[in-house]
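For reference, the structure is listed below as structure tokens.
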Amino acid sequence: MNWVKGLLLFFALLLGYADLASTNVILTLGLGELNPFMHLAQTWFGVWWLVPKLGLTFVLTWLLWRSNNVYNIALVVAFCCTPVLNNLVIIAGAN
């Protein structure tokens, strides 16, 4: 495996965890989830909503692992930064 591809896959996992952690901070501040799918998972699973979230993160990483185009993988990883940055802006605005 190309080391760049491995690094990008690691960042995809890391961004999935950062999204989960920052969403938990938002929920503890009393705000809600804007993603309708994750909101539905939170409603159905309660505190175990992180299981489908992490499951989707692992599915995304697996699909990226199967790709051979490093540029497309980098584009998807860059897109995964968006919810994390949005959550950080919301957290900063709430404080």
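The values are calculated or read from the model by the stated rules, or taken from the named source; none is laboratory data. All of these numbers come straight from a predicted model, not from anything done at the bench. These accessible areas exclude ligands, DNA and RNA; they are computed on the full protein's heavy atoms, side chains included. Shrake-Rupley method; radii C 1.70, N 1.55, O 1.52, S 1.80 Å.
Just a few scattered comments:
- Computed over the chain with a Gaussian network model linking Cα atoms closer than 10 Å, the most mobile of G55, G30, G16 is G30.
- Between helix 3-28 and the chain: long-axis angle, C-alpha atoms, 0 to 90°, nearest 10: 0 degrees
- Computed over the chain: relative contact order in percent, which uses C-alpha pairs under 8 Å that are six or more apart: 49 percent
- Helix 36-45 axis, angle to the chain major axis (alpha carbon atoms, nearest 10°): 70 degrees
- The candidate values are (1) 43; (2) 64; (3) 26; the one derived from this structure for percent of Cα pairs over 24 Å apart carries the label (3).
- Taking the longest Cα principal axis of the chain as reference, the axis of helix 50-66 is set at about 20 degrees.
- Carbon plus sulfur fraction of accessible area for the chain, probe 1.4 Å, in percent: 74 percent
- Highest-fluctuation residue, L31, L13, L64 considered, GNM on the chain with Cα pairs under 10 Å: L31
- Solvent exposure of the chain, expressed per residue, is 68 Å² of accessible area, with all protein chains present and a 1.4 angstrom probe.
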